[in-house]
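Heads up, the thing below is written out as structure tokens.
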Amino acid sequence: MGTRIVLIDDHKLFREGVKRILEFEDGFEVVAEGSDGSDAVNIVEETNPDIVIMDINMPNINGVEATRKLIDRFDELKVIILSIHDDESYVTHALKSGALGYMLKEMDTDELVNAIKIVSDGGSYVHPKVTHNLIKDYHRMSAIPGGQVESGGSSNGAFQPVEYRKPLHLLTRRECEVLQLMADGQSNRAISETLYISEKTVKNHVSNILQKMNVNDRTQAVVTAIKNGWVEMN
């Protein structure tokens, strides 16, 4: 059976554009549409979708509030927020509401389809640009005067400096390059253009990185790399 999708967005033209994209993809079926968060609960009750793609800014009930209501009511439902905002505060509120994905409306067709597939398969997806902003905020909040970040390894609870080192004991040199570009917020396509390799090769590298680091998604990989001093934040 295909992935049943509901679209909730107050901009009809944008909603129709996303619907057309998804209808061309095998395995996706848009079963209903809505224009406001207040429509979401009734639509989900009537159509029993697998995924709801939800705009974050809507006139009556916004996407975050609507997502919270949906998750409280339907335990198995997966919600992806679709937004123009890449600010970390929006992302944090969206994820706290129970959303499993956060996509930007500027993303291209391939990224959109890939994000939905990841969430449909039980994973989570945060747009690379947003991930970069989240990591920068984490890095800023962890920092103390003198450029040190919390290590967690001190017996007296003090902050210790992190030694920046590439994880060559774990990853290949090329995988280290890809990991750094992931931390810089680059998509697979952008990484392929930066390194002059195919996008398929980038996907293989990312898959290997996740497996070797024993993490589930790109966000976890970058967070782990930051904590271990394996990447540098600009």
Query raised in the report: If the Cβ limit is 8 Å and pairs must be 6+ apart or interchain, which residue in the stretch 186-212 that is assigned to a loop (DSSP other than H, G, I, E, B) pairs with which residue that is among the acidic types (Asp, Glu)?
Result: Ser187/Glu111
Requested in this report: Starting from residues that are in a loop (DSSP other than H, G, I, E, B) and closer than 18 Å to Asp50 by Cβ, keep the ones in the stretch 98-110 and report whichever is most open to solvent (accessible area, probe 1.4 Å).
Outcome: Leu100
Query raised in the report: Of all residues in the stretch 118-127, which are in contact (Cβ under 8 Å) with a residue 12 or more places away in the chain and open to solvent by 10 Å² or more (accessible area, probe 1.4 Å)?
Result: Ile118, Ser120, Gly123, Ser124, Tyr125, Val126, His127
Query raised in the report: If you take the residues in the stretch 18-39 that are in a helix (DSSP H, G or I) and modelled with pLDDT of 90 or more, which one is most open to solvent (accessible area, probe 1.4 Å)?
Result: Arg20
Report task. Give the residue that is nearest to Val44 (Cα to Cα), with candidates limited to residues of the stretch 65-85 that are part of a loop (DSSP other than H, G, I, E, B) and out of contact with any Leu (no Cβ under 6 Å at 6 or more places or on another chain). Result -> Phe74
Query raised in the report: Out of curiosity, is Arg15 of a type in the set (D, E, K, R) and either assigned to a loop (DSSP other than H, G, I, E, B) or loosely packed, with under 14 Cβ neighbours inside 10 Å (or both)?
Result: no
Report summary line: Across the stretch 47-91, the tally of residues that are farther than 14 Å from Ile8 by Cα, out of contact with any strand residue (DSSP E or B) (no Cβ under 8 Å at 6 or more places or on another chain) and in contact (Cβ under 8 Å) with a residue 40 or more places away in the chain stands at 2
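The values are calculated or read from the model by the stated rules, or taken from the named source; none is laboratory data. All values reported here derive from a predicted model rather than from experimental measurement. Positions of Cβ are backbone-derived with ideal geometry, glycine not excepted, and every protein chain shown enters the neighbour counts. These area figures cover heavy atoms from the full protein model, side chains too; ligands, DNA and RNA do not enter into them. Shrake-Rupley method; radii C 1.70, N 1.55, O 1.52, S 1.80 Å.
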